[in-house]
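Here's the structure, in structure tokens; my notes come after.
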Amino acid sequence: TLTTPILSFKSCNNITIKNITIECTRGIGILVENSSNTIIDNCIIKNIGHIGIKTNGTQLYDNKIQNCTLYNIGSYGIVLNGGNRYKLIAGNCIVNNCRINNFSRIEHSYKPAIEINGCGNKISHVELYDAPSMAILLHGNNHTIEYANIHHVCKEVHDQSAFYYGRNP
């Protein structure tokens, strides 16, 4: 019944979370706020009611989510924020080599596997699948999205696509 994040870091630098499993919460699995050089590596995030991993705030730079598996997520798999869109300062935040499936289980629309925001962030070598809605929701500028294997998405919401970018280009 926990509604607060299982792990939460605010205004921290040089934190590494590695080789752990986060599961069974109604809220967020891992929340990183206004932090830099944070690494979430080789973790399993499962059976989460809201968001698997969320980075949030105006001071997010050089954060990495890598080699992780996320599944059975109520809404977003990962919300990746970083950089400064208005000044075009790159966040250099990355989601790399991750697998996210069976997401948007509770909130079926506009809750992707990965939402990317800010400026100069990257999604690379990911597999995103099994969802009622989109796989990637893009906001911001100068992002890189490469080597994304996306399949079996938009199974219920038919006015979207696997990759969605709209409003406020």
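Express in Å², to the nearest 10, the accessible area of LYS64 obtained by rolling a 1.4 Å probe over the protein heavy atoms while all chains stay in place.
Probe radius 1.4 Å; accessible area of LYS64 about 80 Å².
Ignoring ligands, DNA and RNA, what accessible area per residue does the chain give at 1.4 Å, in Å²?
Accessible area per residue, the chain: 46 Å².
Is region 74-155 rounded, prolate or oblate when judged by the Cα gyration tensor, a ≥ b ≥ c being the square roots of its eigenvalues, rounded requiring a/c under 1.5 and prolate requiring a/b larger than b/c?
Taking the square roots of the gyration eigenvalues as a ≥ b ≥ c, region 74-155 is prolate.
Can you list residues whose amide H is under 5 Å from ILE45's amide H, if they're 5+ apart or on another chain and H is modeled 1.01 Å from N?
Those qualifying (amide H under 5 Å, at least 5 residues apart or on another chain) are ILE22, THR69, LEU70, TYR71.
For ILE17, what is the net charge nearby, where nearby means another residue's Cβ is under 13 Å from its Cβ and Lys, Arg count +1, Asp, Glu -1?
Local net charge: +1.
So, R0 is 22 Å and r is the distance between the beta-carbons of LYS87 and ILE20; what FRET efficiency does that work out to, to 0.05?
0.05
What chymotrypsin sites (Phe, Trp or Tyr not before Pro) in region 1-103 are in a loop by DSSP, with at most 12 other Cβ atoms within 10 Å of the Cβ?
Answer by residue number: TYR86.
Summing Lys, Arg as +1 and Asp, Glu as -1, what charge do residues with Cβ under 12 Å from the Cβ of TYR71 carry, TYR71 excluded?
0
Taking amide H positions as placed 1.01 Å from N in the peptide plane, with prolines and chain starts having none, which residues 5 or more places from ILE150, or on another chain, fall under 5 Å of its amide H?
Hits under the 5 Å cutoff: LEU128.
If I model a spin label at ASN142 and ASN37 as a point 7 Å from the Cα along the Cα→Cβ vector, what separation in nanometres do I get?
If labels sit at ASN142 and ASN37, their model points lie 2.2 nm apart.
Under a straight-distance cross-link criterion of Cα-Cα below 19 Å, which lysines are reachable from LYS10, leaving out those fewer than 8 residues away in the same chain?
Cross-link targets: LYS18, LYS54, LYS64.
Name the residue from ASN81, THR21, PRO112 whose Cα lies farthest towards the positive end of the charge dipole of the chain, charges +1 on Cβ of Lys and Arg and -1 on Cβ of Asp and Glu.
Going by the charge dipole, the pick is ASN81.
By a straight-distance test (C-alpha under 19 Å), which lysines pair with LYS155 as possible cross-link partners, with residues fewer than eight away in the same chain excluded?
LYS111
Specify the residue with the greatest mean-square fluctuation among HIS108, HIS139, HIS151, computed from a Gaussian network of the chain linking alpha-carbon atoms under 10 Å apart.
Evaluated over the chain, the most mobile residue of the options is HIS151.
Add +1 for every Lys or Arg and -1 for every Asp or Glu among the other residues with Cβ under 11 Å from the Cβ of ILE150, and state the total.
Once all neighbours under 11 Å are counted, the net charge is -2.
The values are calculated or read from the model by the stated rules, or taken from the named source; none is laboratory data. Just so it is clear, the model here is predicted, and its values are computed rather than measured. Cβ sites come from the backbone with ideal geometry, for glycine too, and all protein chains shown count toward neighbours. Areas reflect the complete protein model, heavy atoms only, side chains present, ligands, DNA and RNA absent. Shrake-Rupley method; radii C 1.70, N 1.55, O 1.52, S 1.80 Å.
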